[in-house]
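S.K.: Once you've had a glance at the structure underneath, I'll fire off some questions.
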Amino acid sequence: MISPFPDRTLLLASLRDYVAQLREEGLDGLPRGAVIITGGEGAAPQPPPPRPPSVASDANSAAVRSREPAPPAPATRTAAAPIIATNGADAWRTKYPGLVQTGDLAALRNFIGDCQRCKLAQMRTNLVFGVGNPHAELMFVGEGPGAEEDAQGEPFVGRAGQLLTDIIERGMGLRRAEVYICNVVKCRPPENRNPEPDEVAACEPFLFRQIELVKPKVIVGLGTHAVHALLKIKTPISKLRGNWQQVLGVRMMPTFHPAYLLRNPGDKRLVWADIQEVMKELGRPLPGRGSRA
Ligand code: SF4
């Protein structure tokens with residue numbers, strides 16, 4: 001009998017990736033009709049339909065927005081070659097004339113001004129630019145502001161932000177003010193939904209310029225959507241985390257979003273493993289046992 005699938009291994013790998021992506025979106029199973037396998041001779045596998053929009057209705061912004069997959073397979077750090085070695089994202093340089101002439105973060109903030117470059121402007125209370133040491137060795141990049149951040153104008157100040165602060169201060173032995181923290185989009189998406197592609201495209205030039213101006217030694221990408229925006233890929237975070245990547249010539253460690261850890265504290269050990277790699281890269285000692293977040 002002729003197999004209906006020309007390459008069964010490839011098909012299974014594709015299905016696995018698709019299911020991992022669904023889990024990232026917070027779905028527990030395949031959408032109805034996502035896969036049609038008749039098994040009949042000559043039948044071909046059907047492509048999955050478009051995913052349903054994610055539902056984000058509760059008020060815990062970061063926790064809702066930063067859905068992560070189920071516990072992933074252990075990272076294969078020995079095969080740590082970047083999945084994507086370059087993000088090829090030079091188009092941002094010419095998107096806003098004058099942007100790359102900004103000489104420091106204050107000039108960049110002035111350049112952004114009362115930004116109306118995407119539809120998120122209409123819903124924000126505060127534009128959340130970034131906070132921390134303008135010459136930090138270590139930079140954290142999240143996805144976008146939530147309700148607390150929008151209200152206060154500072155990134156990572158809600159419950160997830162407190163956990164990030166614990167990771168920085170208790171886990172890494174650094175002060176929060178020593179590092180730099182920002183997001184891909186600077187304005188809060190309504191109903192705490194994920195930023196849409198046009199919003200990311202409008203705002204990412206500011207993030208890339210921030211990276212160039214801060215010139216960190218290491219970036220930590222927090223969660224699926226931040227990492228996807230930085231790398232321009234859609235590989236599941238479960239495959240990316242724990243493996244060094246490259247963004248604008250800077251080493252970038254993808255890891256889970258703190259909001260995900262609030263709901264899945266058992267996975268703190270995975271983030272801790274990633275943080276240890278970051279500390280090694282920075283040439284910094286790890287604090288003693290018992291001080292971790
Ligand atoms: S999200 Fe970015 S591009 Fe959109 S209005 Fe805010 S600062 Fe401007």
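The values are calculated or read from the model by the stated rules, or taken from the named source; none is laboratory data. These numbers were taken from a predicted model, which means no experiment stands behind them. So basically every Cβ, Gly included, is an ideal-geometry build from the backbone, and we count neighbours across all protein chains shown.
S.K.: Give the residues of region 236-263 that are in contact with an Asp or Glu (Cβ under 8 Å, 6 or more places away or on another chain) and among the β-branched types (Val, Ile, Thr), sorted by residue number.
M.R.: The answer is 237, 255.
S.K.: Could you count how many residues in region 175-227 are without any contact (Cβ under 8 Å) to a residue 60 or more places away in the chain and hydroxyl-bearing (Ser, Thr, Tyr)?
M.R.: Result for region 175-227: 1.
S.K.: Yes or no: residue 160 of a type outside the set (Lys, Arg), part of a helix (DSSP H, G or I) and either within 16 Å of the ligand (Cβ to nearest atom) or farther than 19 Å from residue 260 by Cα (or both)?
M.R.: Here the answer is no, as residue 160 does not meet what is asked.
S.K.: So, in region 172-198, of the ones that are more than 12 Å from the ligand (Cβ to nearest atom) and outside any loop (DSSP other than H, G, I, E, B), which residue ends up surrounded by the most Cβ atoms within 10 Å (Cβ to Cβ)?
M.R.: The extreme case among them is 181.
S.K.: Still on this structure, please answer the following. May I ask you to say which residue of 201, 273, 229, 259 is hydrophobic (A, V, I, L, M, F, W, C) and in contact with a Phe, Trp or Tyr (Cβ under 9 Å, 6 or more places away or on another chain)?
M.R.: 201
S.K.: A follow-up question, please. Residues 245, 276: which one is assigned by TED's automatic domain parsing to the domain that holds residue 98, surrounded by fewer than 18 Cβ atoms within 10 Å (Cβ to Cβ) and not aliphatic (A, V, I, L, M)?
M.R.: Of the residues listed, the single one that is assigned by TED's automatic domain parsing to the domain that holds residue 98, surrounded by fewer than 18 Cβ atoms within 10 Å (Cβ to Cβ) and not aliphatic (A, V, I, L, M) is 276.
S.K.: Which one is nearest to the ligand (Cβ to nearest atom) among residues in region 215-244 that are aliphatic (A, V, I, L, M) and touching a Pro at 6+ places or on another chain (Cβ under 6 Å)?
M.R.: Per the criteria, the residue is 227.
S.K.: Hey, another quick one. Quick one: is residue 254 farther than 23 Å from residue 124 by Cα, at pLDDT 95 or above and surrounded by 18 or more Cβ atoms within 10 Å (Cβ to Cβ)?
M.R.: Yes.
S.K.: Ok, one more. Inspect all residues belonging to region 126-142 and state whether any of them is over 21 Å from the mean Cα position of the chain (by Cα) and either in a helix (DSSP H, G or I) or near the ligand (Cβ under 9 Å from one of its atoms) (or both).
M.R.: Checked against the condition, which is being over 21 Å from the mean Cα position of the chain (by Cα) and either in a helix (DSSP H, G or I) or near the ligand (Cβ under 9 Å from one of its atoms) (or both), region 126-142 yields no hits at all.
S.K.: When you go through 284, 241, 263 one by one, which is the residue that is in contact (Cβ under 8 Å) with a residue 60 or more places away in the chain, basic (Lys, Arg) and in contact with a Gly (Cβ under 8 Å, 6 or more places away or on another chain)?
M.R.: Result of the check over 284, 241, 263: 284.
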